[in-house]
Amino acid sequence: MSLETYQKEVEHLGESRGAKDHDHDLVHDLSRRLDALWRYDQYVANAEGYESIKGFVQKWPKMGNTRTTKQAISRNDQSRSYCVS
C-alpha cells in the first residue's frame, strides 16, 4: 500500500468520538484486561506439564488487576467528568 493510499484511509480517524480521550483510555484498558482475563484458564491448561511456566501464568490475573481500572472509572464517574463529547 502506498503512503498516499494509507493517508487517505486514515485521514478522518478520530474525528467522531463517543467519549473524551481519558474516558476512552480507561474503558479501553478495562476492556483489554477483561478480554485477557477470560483467556487465562486456557493459558494455564496450555502450560500443563510445564510447572514453572504454569506457576508464572497463574500469577497473570493478579498482575493485570482489573479492579484498579474499575476504581479509576468509578472515581472519574463520581467526579462527573466521565462525559460524552
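Working only within the stretch 3-56, note down all residues that are closer than 19 Å to residue 74 by Cβ and part of a loop (DSSP other than H, G, I, E, B). Once the filter is applied, which keeps residues that are closer than 19 Å to residue 74 by Cβ and part of a loop (DSSP other than H, G, I, E, B), the stretch 3-56 yields 19, 20.
Select from the stretch 1-27 the residues that are of a type outside the set (Asp, Glu) and surrounded by 13 or more Cβ atoms within 10 Å (Cβ to Cβ) and list them in ascending order. Steps first, please.
Applying the first criterion (of a type outside the set (Asp, Glu)) to the stretch 1-27 yields 1-3, 5-8, 10, 12-14, 16-20, 22, 24, 26-27.
Of everything in the stretch 1-27, those that are of a type outside the set (Asp, Glu) and surrounded by 13 or more Cβ atoms within 10 Å (Cβ to Cβ) turn out to be 19, 20, 24, 26, 27.
The rows are residues; the columns are (1) touching a Phe, Trp or Tyr at 6+ places or on another chain (Cβ under 6 Å); (2) of a type in the set (Ser, Thr, Tyr); (3) at pLDDT 85 or above.
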| position | (1), (2), (3) |
| --- | --- |
| 28 | no, no, yes |
| 57 | yes, no, no |
| 66 | no, yes, no |
| 83 | no, no, no |
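The values are calculated or read from the model by the stated rules, or taken from the named source; none is laboratory data. Remember, predicted model here, so these are calculated numbers, not experimental data. In this analysis, Cβ positions are derived from the backbone assuming ideal geometry, glycine residues included, and neighbour counts consider all displayed protein chains.
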